[in-house]
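Chemist: A single structure is presented below for examination.
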Amino acid sequence: MSASALAQADAGAAPIHSGQIAGAIGDSASTEAIERLKQATQNVKNAENSKLLTRAINAVHTGAYDKADKLALKLLKRDEQLGLAWHILGIAREKNGDYASSLRAYEAALKLLTDHAAVAGDLGRLAFRMNMPDLAAKFFAHFRLSRRDDVEASNNLACALRELNREAEAIEVLKEAIAANPTAPALWNTLGTVLCNAGDAAGSMIFFAEALSLNPDYTKAWHNRAFAKSDLGDVKGALADCDEAMKRPALPQDLAIMHFARATLLLALGRLEEGWKAYESRFSHELSEAPHFYIGGTRWAGQDLKGKRTLIIAEQGLGDEIMFANLLPDLLEDLGPESAVTLAFERRLVPLIQRSFPGVEVLPHRTVAYEGRVWRTVPNVEDWDQFDYWTALGEFLSSRRGSLEAFPQRKAFLTPDPERVAYWKAELEKLGSGPKIGILWKSLVLSAERARQFSPFEDWEPVLRTEGATFINLQYGDCEEEIAYAKEVFGIEIWQPPGIDLKQDLDDVTALCAAVDLVVGYSNATMNLAGAVGTPCFMLTGASAWTRLGTDYYPWYPSVRCFVTQQYGHWTEAMANVADALRDFVAR
């Protein structure tokens, strides 16, 4: 994939990143970068071009990026083969937030400049920031070819490899770099993040401590140690480290991650009033995953909505949309029939939401990735003026879920298709007697941060060997390998429901979830659907999962029973507890 391949595309909406900060270090406009650019101008023979390049470089140095952009374009009109002008244009547009155009400019510079290692480094950082780790790894590897022992080159390549779940390769890169640069805190810090993402939070603490011993003011190490403490169940300690990190200057995007991480820590401690207020940080422009709403009209700011026409748009990932829909029954009841409400949900959820709230207009929203940002809109709305206000669904959390007592104990808040529930019940009866247990073991979104939240499939053996249970596959995505493994190694058949796409047919998936006797697994979209329709669930979760809101249960879904591991990456005990509980369930 080339840099210029970036285009508008449907984005798989995901929850906002609240984890580690071990991103690419370096800066395309740093003092060192400016000096490299100035030295490169000495090789430009045309005196006028050299003079314009110097002015453009000085503009970058002083932060006058619009001026640098104009001067670079002026140079390219004179000579479109001038690689330095393309490089400066790339820097200026990156700094102004025009990531797509910046990528194209950097790519042009990469092709034209003889000494293009620095451009590859800039391209890698930009691709990394835009959540394109595969592309970033290629550019960082290219950058490192000419700087084998360079801290920036090795650190950044290791970061990209980590995000690709290639931890072993990342560790090898870092070991070599640390041998050459043992006093570089960035390398120790990144090594800690690699171990933490691999599920070894305890081991990672050693490397964060080393980074902080080398530089007690190293913000990223404070924040990342907070992340590791959270993984180990020490949420109070994590909050203390997070607060320490925020005392120190940081890049704006790092600080935005810290603010959002702090919000989730407060929620994990059950401090809901503070937590929901801090949760507003999820909309920070500095968070690359934060949704930018392309919606006309007036955004709601707490006004009385009774008698008003309001568009409420679901936010973040699919699981969050379902979970936050917990708000809708009492919210719509309070607004009353005199208020006209339009709901916007992910298109696969529209039939389910419409059935659950029949008096409300439900439209599909659309999410696209464009120029390094995530945009969400409602394409079926042609006239935004028809609404008095619009707002994101999560904006009601603070006022309506400000305490644990505010969570209603209703069994279900979404309504599956009764005909499809009956159909699936009949199909399940054909499998024989005994309870039918739906299982879920992974997510399609397995970034380095998220992968540790799921166990290896091998850990499911004690659960799947439960006598008397019939297991039903509810896991979306490619599951052939795991289903074959269960049959060949465990001797267990996992029934694959025929005629259903478990990723796309979410209305039918919901009916299937309602038809089984129990769902066992991790918190992905399907688990949320099962909980929302009141199906009994055994949910595997981490000690510091913020969505439990400081409890040992799951406030969003009364039918969910939680099985908590004290450390991500260590699921054996939790799995054994699930197996014991499942035997009791089957016996009953």
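Chemist: Look through region 563-574, keep the residues that are surrounded by 18 or more Cβ atoms within 10 Å (Cβ to Cβ) and among the hydrophobic types (A, V, I, L, M, F, W, C), and return whichever of them is farthest from residue 200 (Cα to Cα).
Modeler: The qualifying residue farthest from residue 200 (Cα to Cα) is 563.
Chemist: Considering only region 349-365, state which residues are surrounded by fewer than 18 Cβ atoms within 10 Å (Cβ to Cβ), under 28 Å from the mean Cα position of the chain (by Cα) and in a strand (DSSP E or B).
Modeler: Result: 364, single match.
Chemist: Please specify each residue of region 317-326 satisfying the condition of being surrounded by fewer than 23 Cβ atoms within 10 Å (Cβ to Cβ) and out of contact with any Ser or Thr (no Cβ under 8 Å at 6 or more places or on another chain).
Modeler: Listed by number, the residues that qualify are 317, 320, 324.
Chemist: Here's a check for you: in region 515-526, which residue that is under 24 Å from the mean Cα position of the chain (by Cα) and outside any helix (DSSP H, G or I) is surrounded by the fewest Cβ atoms within 10 Å (Cβ to Cβ)?
Modeler: Among them, the one singled out is 522.
Chemist: For residue 494, all conditions in the list (1) touching a Phe, Trp or Tyr at 6+ places or on another chain (Cβ under 7 Å); (2) within 25 Å of residue 572 (Cβ to Cβ); (3) touching a residue at least 60 places away in the same chain (Cβ under 8 Å) hold save one; what is the number of the exception?
Modeler: Every condition holds for residue 494 apart from (3).
Chemist: Just wondering, is there one or more residues in region 200-212 that are outside any helix (DSSP H, G or I), over 20 Å from residue 140 (Cβ atoms) and within 21 Å of the chain's Cα centre (by Cα)?
Modeler: Yes: region 200-212 contains one or more residues that are outside any helix (DSSP H, G or I), over 20 Å from residue 140 (Cβ atoms) and within 21 Å of the chain's Cα centre (by Cα).
Chemist: Would you mind stating whether residue 250 is closer than 29 Å to residue 209 by Cβ and not in a loop (DSSP other than H, G, I, E, B)?
Modeler: no
Chemist: A further question on this structure: Among the residues of region 351-368, which ones are under 18 Å from residue 420 (Cβ atoms) and touching a helix residue (DSSP H, G or I) at 6+ places or on another chain (Cβ under 9 Å)?
Modeler: Selection gives 351, 352, 353, 355, 356.
Chemist: Six or more apart or on different chains, Cβ under 7 Å: which pairs go from a residue in region 551-578 that's free of Cβ contacts under 8 Å to residues at least 40 places away in the same chain to one that's of a type in the set (Phe, Trp, Tyr) and surrounded by fewer than 17 Cβ atoms within 10 Å (Cβ to Cβ)? Could you list them?
Modeler: So the pair list comes out as 562/553.
Chemist: Filter region 536-550 for residues that are in contact (Cβ under 8 Å) with a residue 60 or more places away in the chain and among the polar types (S, T, N, Q) and give the result.
Modeler: Answer for region 536-550, where residues must be in contact (Cβ under 8 Å) with a residue 60 or more places away in the chain and among the polar types (S, T, N, Q): 544, 547.
Chemist: From 236, 247, 220, grab the single residue that is within 21 Å of residue 152 (Cα to Cα), of a type in the set (Lys, Arg) and not assigned by TED's automatic domain parsing to the domain that holds residue 566.
Modeler: Of the residues listed, the single one that is within 21 Å of residue 152 (Cα to Cα), of a type in the set (Lys, Arg) and not assigned by TED's automatic domain parsing to the domain that holds residue 566 is 220.
Chemist: Name the residues in region 86-129 that are touching a His at 6+ places or on another chain (Cβ under 8 Å) and of a type in the set (Phe, Trp, Tyr), would you?
Modeler: Selection gives 106 alone.
Chemist: What helices (runs of 4 or more DSSP H) completely inside region 262-340 contain at least 2 residues that are within 16 Å of the chain's Cα centre (by Cα) and within 27 Å of residue 352 (Cα to Cα)?
Modeler: By residue number, 318-324.
Chemist: Is it the case that residue 268 is on the phi < 0 side of the Ramachandran plot, surrounded by 23 or more Cβ atoms within 10 Å (Cβ to Cβ), in contact with a helix residue (DSSP H, G or I) (Cβ under 8 Å, 6 or more places away or on another chain) and hydrophobic (A, V, I, L, M, F, W, C)?
Modeler: The answer is yes for residue 268.
Chemist: Just to be sure, is residue 50 small (Gly, Ala, Ser) and farther than 24 Å from residue 98 by Cβ?
Modeler: Criteria met by residue 50.
Chemist: For the subset of region 221-247 comprising residues that are of a type in the set (D, E, K, R), closer than 18 Å to residue 200 by Cα and part of a helix (DSSP H, G or I), which member is modelled with the lowest pLDDT?
Modeler: Taking the candidates together, the pick is 231.
Chemist: If you take just the helices (runs of 4 or more DSSP H) that sit entirely in region 442-490, which of them hold at least 2 residues that are surrounded by fewer than 19 Cβ atoms within 10 Å (Cβ to Cβ) and at pLDDT 90 or above?
Modeler: Output list reads 461-464, 480-485.
Chemist: Just need a number here: residues in region 477-491 that are touching a helix residue (DSSP H, G or I) at 6+ places or on another chain (Cβ under 7 Å), over 11 Å from residue 441 (Cβ atoms) and either touching a residue at least 40 places away in the same chain (Cβ under 8 Å) or among the basic types (Lys, Arg) (or both).
Modeler: Matching residues across region 477-491 total 0.
Chemist: Could you figure out which of (1) within 23 Å of the chain's Cα centre (by Cα); (2) modelled with pLDDT of 95 or more isn't true of residue 541?
Modeler: That leaves (2) as the condition not met.
Chemist: Listed residues 512, 502, 529, 540; which is assigned to a helix (DSSP H, G or I), outside the structural domain of residue 325 (by TED's automatic domain parsing) and out of contact with any Lys or Arg (no Cβ under 9 Å at 6 or more places or on another chain)?
Modeler: That would be 529, the only listed residue that is assigned to a helix (DSSP H, G or I), outside the structural domain of residue 325 (by TED's automatic domain parsing) and out of contact with any Lys or Arg (no Cβ under 9 Å at 6 or more places or on another chain).
Chemist: Of the residues in region 381-414, how many are surrounded by fewer than 19 Cβ atoms within 10 Å (Cβ to Cβ) and either farther than 30 Å from residue 550 by Cβ or among the basic types (Lys, Arg) (or both)?
Modeler: Total satisfying the criteria: 11.
Chemist: Pick out the one residue from 211, 256, 245, 261 that is buried (at least 19 other Cβ atoms within 10 Å of the Cβ), of a type in the set (Gly, Ala, Ser) and in contact with an Asp or Glu (Cβ under 7 Å, 6 or more places away or on another chain).
Modeler: Exactly one residue qualifies, and that residue is 256.
The values are calculated or read from the model by the stated rules, or taken from the named source; none is laboratory data. All values derive from a computational prediction rather than experimental measurement. Using ideal geometry, Cβ is built from the backbone for each residue, glycine included, and neighbour counts are taken over all protein chains shown.
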